[in-house]
Amino acid sequence: MTDAPDSTPDPTTDGSAEEPEPFSDGPPPLPRPMLVLDGELPDLPDAPAAEPVDHGTCRCGGAFDADGYCTSCGEPRPDPRHHFTAHPLPELAAVCDRGVRHADNEDAMAVWGERDAEGGLRAALVVCDGVSSATRSAEASLAAAYAALEVLSTSDAPPQDRLVTATDAAAQAVARVGVEFPESAPSCTFVAGVVEGSLATVGNVGDSRAYWMPDLGQPHRLTRDDSMAEEQVDAGLERSVAEAGPLGHTITRWLGPDAPDHTPRVATADVSAPGWLLLCSDGLWNYASEPVALHDVLLAEQERVGTDPLALGEALVAWAVSRGGADNITVALLRTGGGERPAEAGRAAYPDSVPEGTGQTEMKPADGAGQDGAHG
Amino acid sequence: MADFTATVHQNEFLPDGGTDVHGIVSVTCSGAGTVAPMSSASGESGEIIIVDVSGSMDVQGVQAAAYAASAALDQIIDGVWFAIVAGNHEAALCYPNGTTAAMARMSPQTRLEAKRSLQRLAPGGGTAMGRWLLAAGQLFGTVPTLSKRHAILLTDGANQHETPDELSWAIEQVRGRFQADCRGLGAAWQVAEVRRIAEALMGTVDLIRTWDGLPQDFAQLMQQSMGRGISDTQLRVWAPQGAEVLFVKQVSPTLEDLSGRRVEVNALTGGYDTGAWGDETRDYHVAVRLAPKAIGQEQLAARVQLVVGGEVAAQGLVKARWSADSLLTAQISPEVAHYTGQTELASAIQDGLRAKAIGDDVTATSKLGRAVQLARETGDEAATSRLARVVDIEDAATGRVRLRRHVDKLDEMELDTASTKTTRVRPQ
């Protein structure tokens, strides 16, 4: 080292190489007085503070860390698959949620919409519900929804043909997931709606549903379930009893291996009036199956949160969660007819409780999944 | 640049209502490099050698200590700041031999001068280690650019010229200012007293049986310190809101309960100074008590981080997952079991020797018997052989022992000082 420490005093003896090695010259010389240290300590410097990085907020209010856990309560960051939304147009949105009881979200949705040059509306809505008794159904339902939407949003074929092609595409997407994960046999339901101007065309396979709910007049269910319950209703059983029964959630058609066929059952509706086109999985309709009952729920939530379809979708999901959230919950909503809100709905006064006739069913979540291979 | 990794060994599954989560976090440093020889972004290094020159050392002892110190000087890299303190009932600055408190940069010139200064040492006076520590703190304070500060302290006797309170006070004054490896020469020093210093100053304590063992030990200590190029490090343990950190212990290579060293980083995070790192692995045992959650729920029980210069260099996550599956929840991590046994072994040895010292042979026999049993269970053969020099082992499996009638004091002290050295988990 070239820089001799300035703190080293310069003794008169300089350390030249001729000096003998220490301890080679017999006993040490007599000690010289040394400086006695008084032990006076200097102040310690402060430690620098770390700067925070944003990784999202936990429901406890704490911040998530990059490691995927809350920095306050330690809860794992929810999987984005567990709750996701879409809101492509002011009047169109969808919400997909894991619910309460299920560990995974096997529901899926996809929505698309645009205004043409004249201001006419074109939209497509897809909801799929993965069969929870089959593995990889979460991947399958999402792939199916995306594949169907791709067809519905790009094809110029008549809506009915488009729905058939979209269902084929969805079924192929499900099959591809089955190839990608060879030990799995993923399956899902399918409901899709195409809206062009005032005409809505819907098609379904399985028990996910489409409802048309004009602000004024009678709400309708546009789809017919491919389920044992539907068959029991046809045979004369009361719907609330059939849907709550052991076969209530056993579907008779689906997209996936061993499916009997997957041609969608197609229906149309004039949606020129102000109102809502609503597509949903059974996670929602389990708690309000009859169109009137579901419409009452929708109107009550609309009263609370307004006509923004995303806010309303979230509100409907929250409502289903509040009823138990026994299954995954998906709802897709399109506001039609340009009406801001119902001036005077048919049943303007929203009852404090759900109307009679559904009171029994809605309290009973779909527990039959484990018994009969029904989807959950 | 050094690379840190952290591996967690634990069973994250808790039974319904389970609250206590244990994890062993193994932190490994590689590529540490040597200490920064000259001024750099990571700061500079300082070394102080504290040599006991009390009357009991005698001329021969002081000469041997001076020779050992010169062996340590040979290991200090040029450019590192250093000083030598001669300690008795006072603390004198042996080198640099000026008239103000100062440290010097190592160079061939200063090394030679320092060795000559060591020749000036002569025995005399008593022992007041607290003053030695304060003096070292004072000297380190004269070089503000130091980021790594390490001292070697040699003593041969009990701290007779200070009260235990005075020593405690001095230890608290210098805590966090430097690290100190402490060595006791011969049989006249107090293991508990010197261990107190070493634990507070994140260093080791060891017994040097005779003078001729000193130079090699000093050279080795200094060499190891030169290899610890990573300073300004801190172990951080985060636990969730509402949780209680039961303890944080270093369990390998030596046992150190860090719990009392905690400084608050934030409301949920404690920081524990770890001293400088070389290329090595250290294992930490972290225990956290949580409020139980429902079956199927998951919660992060602890984030265990090694922080270098304020940046997280490695992180291990200790998790909790409540399960109804008793096959999962009943398993005990082999690492947790091993170090729990090693911790109990150290306590049993120390408690046994303490009881033996005050003539409580019943407690001593029972504790040392338990120690023999634990040493066998954890496969710690070195501990077994040290124990065998203090007790006659009749049945290691049941821990049946008899206190030996004639025990070499040095054997007993060695059992004591080595009690905190742990073995690693045997491969499964």
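Any read-out appearing in this document is the output of simple, stated calculations on the displayed coordinates, not a laboratory observation. On a predicted model such as this, the values are computed, not experimentally measured, just so you know. For neighbour counting, all protein chains shown are included, and Cβ atoms are generated from backbone atoms with ideal geometry for every residue, glycine included.
Key figures
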{"quantity": "Debye log10 I(q)/I(0) for segment B:1-143, one point scatterer per Cα, at q = 0.09 Å⁻¹", "calculated": "-0.43"}
{"quantity": "Selected from B:Thr210, B:Gly98, B:Gly79, residue furthest toward positive end of dipole (segment B:44-226; charges at beta carbon)", "calculated": "B:Gly79"}
{"quantity": "Solvent-free Debye scattering, log10 I(q)/I(0), computed from the Cα coordinates of the protein assembly as shown at q = 0.06, 0.09, 0.11 Å⁻¹", "calculated": "-0.59, -0.87, -1.12"}
{"quantity": "Straight-distance crosslink candidates among lysines, where the alpha carbon sits under 25 Å from B:Lys356 and sequence neighbours closer than 8 are dropped", "calculated": "B:Lys367, B:Lys409, B:Lys421"}
{"quantity": "Reachable lysines, given that their alpha-carbon falls under 28 Å from the alpha-carbon of B:Lys293 and they are not under 8 places away in the same chain", "calculated": "A:Lys364, B:Lys249, B:Lys319"}
{"quantity": "Shielding by other protein chains, B:168-175, mean Cβ within 10 Å", "calculated": "1"}
{"quantity": "Relative contact order of chain B, defined on C-alpha pairs under 8 angstrom at six or more residues apart (%)", "calculated": "19"}
{"quantity": "Under 5 Å, built H, 5+ apart or other chain: amide partners of B:Met106", "calculated": "B:Gly79, B:Val80, B:Trp81, B:Phe82"}
{"quantity": "Positive dipole terminus of segment B:220-351, leading residue within B:Leu306, B:Ser252, B:Gly242 (C-beta point charges)", "calculated": "B:Gly242"}
{"quantity": "Candidates per trypsin sites (Lys or Arg not before Pro) in segment A:57-141, loop by DSSP, up to 12 other Cβ within 10 Å", "calculated": "A:Arg59"}
{"quantity": "Relative packing of A:224-230, B:299-305, A:240-246, A:39-45, which averages over residues the other C-beta atoms within 10 Å, highest first", "calculated": "B:299-305, A:224-230, A:240-246, A:39-45"}
{"quantity": "Rounded to 5, percent antiparallel among DSSP beta bridges of the protein assembly as shown", "calculated": "85"}
{"quantity": "16 Å tail of the calculated P(r), segment B:139-209, as % of Cα pairs", "calculated": "50"}
{"quantity": "Size of electric dipole in chain B: Cβ of Lys, Arg +1 and of Asp, Glu -1, about Cα centre, debye, nearest 20", "calculated": "200"}
{"quantity": "For chain B, radius of gyration divided by Kirkwood radius, i.e. Rg to Rh on alpha-carbons", "calculated": "1.00"}
{"quantity": "HN-Hα J in Hz across segment B:208-222 - Karplus 6.51, -1.76, 1.60, θ = phi - 60°, x for Gly and Pro", "calculated": "10, 5, 9, 3, 5, x, 5, x, 5, 5, 5, 4, 5, 4, 5"}
{"quantity": "Cβ neighbours within 10 Å from other chains - mean over B:85-98", "calculated": "4"}
{"quantity": "Projected area, mean over directions - segment B:251-337, Cα convex hull, nm²", "calculated": "7.3"}
{"quantity": "Average projection area in nm² (convex hull over Cα atoms of segment B:44-226, one quarter of hull surface)", "calculated": "8.6"}
{"quantity": "Positive-end residue, the protein assembly as shown charge dipole about Cα centroid, Cβ charges, pick of B:Leu118, B:Thr163, B:Gly359", "calculated": "B:Gly359"}
{"quantity": "Rg/Rh ratio calculated on Cα atoms of segment B:320-377 (Kirkwood radius)", "calculated": "1.25"}
{"quantity": "10 Å-binned pair-distance histogram of segment B:235-383 (Cα, whole percent)", "calculated": "10, 31, 30, 22, 7, 0"}
{"quantity": "DSSP-assigned coil residues among GluC sites (Glu not before Pro) in segment A:275-340, each with at most 13 further Cβ atoms within 10 Å", "calculated": "A:Glu340"}
{"quantity": "Long-range HN-HN contacts of B:Lys421 with modeled amide H, under 5 Å", "calculated": "B:Leu255"}
{"quantity": "Protection proxy ranking of B:379-387, A:143-151 - average other beta-carbon atoms within 10 Å, highest first", "calculated": "A:143-151, B:379-387"}
{"quantity": "Shielding by partners, peptide B:100-106 (average Cβ within 10 angstrom, other chains)", "calculated": "5"}
{"quantity": "Theoretical ellipticity at 222 nm over chain B - DSSP helices of four or more residues, -39500 (n - 2.57) apiece, nearest 500", "calculated": "-10000 deg cm²/dmol"}
{"quantity": "Proximal charge balance of B:Gln297 [Cβ under 9 Å; K/R count +1, D/E count -1]", "calculated": "0"}
{"quantity": "Given charges at beta-carbon only (K, R positive; D, E negative), |dipole| of segment B:1-115 in Debye", "calculated": "500"}
{"quantity": "Alpha-carbon Debye profile of segment B:335-420, log10 I(q)/I(0) at 0.20 Å⁻¹", "calculated": "-0.80"}
{"quantity": "Fraction of beta bridges assigned by DSSP in segment B:44-226 that are antiparallel (%, nearest 5)", "calculated": "20"}
{"quantity": "Placed amide H near A:Ala185: partners under 5 Å, 5+ positions off or other chain", "calculated": "A:Thr135"}
